[in-house]
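Quick notes on the structure that follows.
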Amino acid sequence: MELLRTVAEVRSALARAPRPVGFVPTMGAFHAGHVSLFEAARRESSTVVVSLFVNPAQFGERKDLEQYPRDEARDAAMAADAGVDVLFAPRPKEMYPDGFETWIDLERLGSSLEGASRPGHFRGVATVCLKLFNIVQPDAVYFGQKDAQQVEVIRRMLRDLNVPIRLSVQPTLRDPDGLAMSSRNVRLSPAARDQALALPRALATKDPVKALAILHGLDVEYVEVAPFDPPVLAAAVRVGGVRLIDNVPMEGPVS
Ligand code: AMP
């Protein structure tokens, strides 16, 4: 596996790479959910590219950005084990050089639910993803259903801007206790993790009223049926200083 830092290095490595190219954008601190995306890309691609970039533009709170878990050496080893060919881990200046001022804004979708709780979040997500798509020029991109609104944002952006890339969405991986895997889970104390288990239990009801009752006592930002593809019951809660999001499709099994 090649670990690359610059756009120029990625372009030159991929110029000769066999197609199709599958691409997985990430912020690192890998867990089995990330690995499931690498494996899906591996099954369907001749070349697998993963990006590891904790994107400052999608964080509102400075503290959240600073506290975001980082362990590049461990991530690189996990990506190599999963058969990733290229790991692109740029420095912030490589992605946002001085004078950067072009942004992708989804007017409505970007300001509802997660976007209402985190103003500017999806502007940062959409912009960095389009930049990464232009750098890597993949045939397919792989995203997790765990971030259902992010999937919707990417799908809409690809359509609205006529970007010729296939979007593959993979199911949410959960720990045996039901908690959706997330890089942020490492920041939960055992007691907070116990409380956080109310989130998957609440969503499994697929009923916003019942879900809210189960979440009683937690700091709930929203629990709503979101009209995505597929429609999901989505929620965001804060537990022990950690913000967690999760969702389940309204139809079919809970994944
Ligand atoms: P992140 O590093 O958190 O930005 O996530 C990178 C990708 O992994 C995104 O497409 C996420 O939706 C996906 N992902 C995160 N958690 C999970 C999970 N528990 N199961 C499946 N995919 C996930």
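The values are calculated or read from the model by the stated rules, or taken from the named source; none is laboratory data. In this text, all values refer to a predicted model and were calculated from it rather than measured experimentally. Reconstructed Cβ throughout: ideal geometry from the backbone, glycine too, with neighbour counts over all protein chains shown. Ligands, DNA and RNA are excluded from the accessible area calculation, which covers all protein heavy atoms including side chains. Shrake-Rupley method; radii C 1.70, N 1.55, O 1.52, S 1.80 Å.
So here's what we get for this one:
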{"read-out": "Sole exception among (1) more than 11 Å from the ligand (Cβ to nearest atom); (2) touching a residue at least 12 places away in the same chain (Cβ under 8 Å); (3) not in a loop (DSSP other than H, G, I, E, B) for V50, by number", "value": "(1)"}
{"read-out": "Test: residue in segment 178-190 that is touching a Pro at 6+ places or on another chain (Cβ under 9 Å), within 25 Å of E152 (Cα to Cα) and in a strand (DSSP E or B)", "value": "yes"}
{"read-out": "Filtered residues of segment 173-195 (kept if open to solvent by less than 40 Å² (accessible area, probe 1.4 Å), aliphatic (A, V, I, L, M) and more than 15 Å from N247 (Cβ to Cβ))", "value": "L188, A192"}
{"read-out": "Hits in segment 89-110 (condition: more than 30 Å from F228 (Cα to Cα) and hydrophobic (A, V, I, L, M, F, W, C))", "value": "A89, F100"}
{"read-out": "Checking R19 against (1) open to solvent by 20 Å² or more (accessible area, probe 1.4 Å); (2) under 12 Å from S168 (Cβ atoms); (3) more than 14 Å from the ligand (Cβ to nearest atom), the condition it does not meet", "value": "(2)"}
{"read-out": "Residue among S45, S12 that alone is farther than 28 Å from H121 by Cβ, modelled with pLDDT of 95 or more and open to solvent by less than 30 Å² (accessible area, probe 1.4 Å)", "value": "S45"}
{"read-out": "Positions within segment 48-88 being surrounded by fewer than 20 Cβ atoms within 10 Å (Cβ to Cβ) and touching a Lys or Arg at 6+ places or on another chain (Cβ under 6 Å), in sequence order", "value": "G60, G83"}
{"read-out": "Qualifying residue in segment 207-229 (condition: closer than 21 Å to H121 by Cβ, among the hydroxyl-bearing types (S, T, Y) and assigned to a strand (DSSP E or B))", "value": "yes"}
{"read-out": "Qualifying position, being more than 16 Å from the ligand (Cβ to nearest atom), surrounded by 16 or more Cβ atoms within 10 Å (Cβ to Cβ) and on the phi < 0 side of the Ramachandran plot, among L37, L4", "value": "L4"}
{"read-out": "Boolean, A204 is within 16 Å of the ligand (Cβ to nearest atom) and open to solvent by 30 Å² or more (accessible area, probe 1.4 Å)", "value": "yes"}
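Here's the yes/no breakdown for (1) within 15 Å of the ligand (Cβ to nearest atom); (2) open to solvent by 20 Å² or more (accessible area, probe 1.4 Å); (3) closer than 22 Å to R16 by Cα; (4) touching a residue at least 40 places away in the same chain (Cβ under 8 Å):
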| residue | (1), (2), (3), (4) |
| --- | --- |
| F133 | yes, no, yes, yes |
| D139 | no, yes, yes, yes |
| Q150 | yes, yes, no, no |
| R156 | no, yes, no, yes |
| R159 | no, yes, no, no |
| N162 | no, yes, no, no |
| L167 | yes, yes, no, no |
